Every structure is written in C-alpha cells, then in structure tokens.
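What follows is one structure encoded as structure tokens, with my remarks underneath.
Throughout, read-outs are computed from the coordinates displayed, never taken from laboratory work. Quick caveat, the model's predicted, so the values are computed rather than measured. Every residue, glycine as well, gets a Cβ built from its backbone with ideal geometry; the counts of neighbours run over all protein chains shown.
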Amino acid sequence: MQNRTSEAGRRGIRRALWLSCLIAALAAGGCGYHVAGHAAKLPSEWKAIAVPAFTNDTTRYRIEQRFTQAVIREFVTRTKYRIVQDQQSADGVLKGEVLSIETNPVLFQANTGQVTTMLVTVHTKVQLIDNKTQKPVYQNNDMVFRDEYQISSDVNSFFEEQDPALERMSRDLASHLVSDVLENF
C-alpha cells in the first residue's frame, strides 16, 4: 500500500514540475525579451541610408567628422544598407549633431598636483528620418559618451592622448547608435 501511495505521490510531483515548467516557459515567452541584433525595426523595403556630416555645436575642431566617419563605417560593416551621400536617393537620412564636449580632471599626481587623467564627455543628438513620410524612425536627443585619457607629464615622451580617446569614443558612439537604430530602442 505504501508503494502505491509513493508512486501516486511521485506522479503528482512530476505533474506539478511539468506544469510549473510549462507556466515558466509561457511566461518567459511572452515577457518581451529578445536577442539583440535579431529584430531589425527599420522598414524592410529600405536599401540605402544617407549619413550627412554631423553638425558641430562645439569649439572642438573636426569632431563631427570623426563621429560621421565612425557611424558610416559601423553601418557598412554591420548592416546590409548602402550608405549614400545623396539624401534624395536614400530611403532614410541619419542626421547627427555634436551638442557639447567637456573635459574634467579625474586623477592628480599626489606630490605635484598635476592632472594625470582627464574624463571627456560628449553629448550628441541623432535622428533617422524616413524620406517618404518625413517622420523620425529613430531619435535620441541626448546620447552621452564618456572616456578617460592620460596626460603625460614627461615632455620628452609626451603623447597627446585626447585624440585616441576621441577616436575610441567615436567608435563607441557609432556602435551604440547602430545597435539602437536596428533595435529601435
């Protein structure tokens, strides 16, 4: 009699486990999560995107060129879209604007008080507009990116680290921007 009771108990436990797994699977399937990079939100008929030069509202020379080139490079390497110069022949136009760039000291040399590390922060504004409807497909009015760069105090081996930091930042911005546009976040 104990065997029948324990067998029935085990069946009940198996059913309960099976039912709870089924409920968990259904709940996870409907929660809205998806794998990044697999759910492009741009119109399926698009073939070409124009990326005109970003505008530069800062006093930093040619920063808009770095960001524009990085965004174009990222679109070319990660997507199927052709990047064109003529905005009229494109399905969408990606417009960018460098709003501000700030540099702040982060680390100082203990004995001299000289700055050894700076933090650079860039604010940008980006909009992807459908050429047919003239409506934004993607828009972010304040994309913020930060990176640190070192300042050498040795005059003989001085190497300006700000340009490589801005180059890293432009690649980072481009990577995030293309991912956001594709996923429509």
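When a footprinting reagent is the concern and you count Cβ atoms within 10 Å, what order do Leu107, Leu94, Leu42 take, fewest first?
Values: Leu107 14, Leu94 25, Leu42 19.
The fewest-first ordering by Cβ neighbours comes to Leu107, Leu42, Leu94.
When a/c is below 1.5 the answer is rounded, else prolate if a/b is larger than b/c, else oblate, so apply that to the range 42-183 with a ≥ b ≥ c taken from the square roots of the Cα gyration tensor eigenvalues.
Working: a/c = 2.95, a/b = 2.64, b/c = 1.11.
In terms of gyration-tensor shape, prolate.
Around Ser100, what is the net charge, scoring Lys/Arg as +1 and Asp/Glu as -1 over all other residues with Cβ under 14 Å from its Cβ? Walk me through the numbers on the way to the answer.
On the way: positive: Arg60, Lys125, Arg146; negative: Asp57, Glu64, Glu97, Glu102, Asp142.
That works out to -2.
Could you pull out every one of the lysines with an alpha carbon less than 18 Å from that of Lys80, ignoring same-chain neighbours closer than 8 positions?
Lys41, Lys47
Around Glu64, what is the net charge, scoring Lys/Arg as +1 and Asp/Glu as -1 over all other residues with Cβ under 13 Å from its Cβ?
On the way: positive: Arg60, Arg62, Arg66, Lys95, Lys125; negative: Asp57, Glu97.
Taking every Cβ under 13 Å from that of Glu64, the sum is +3.
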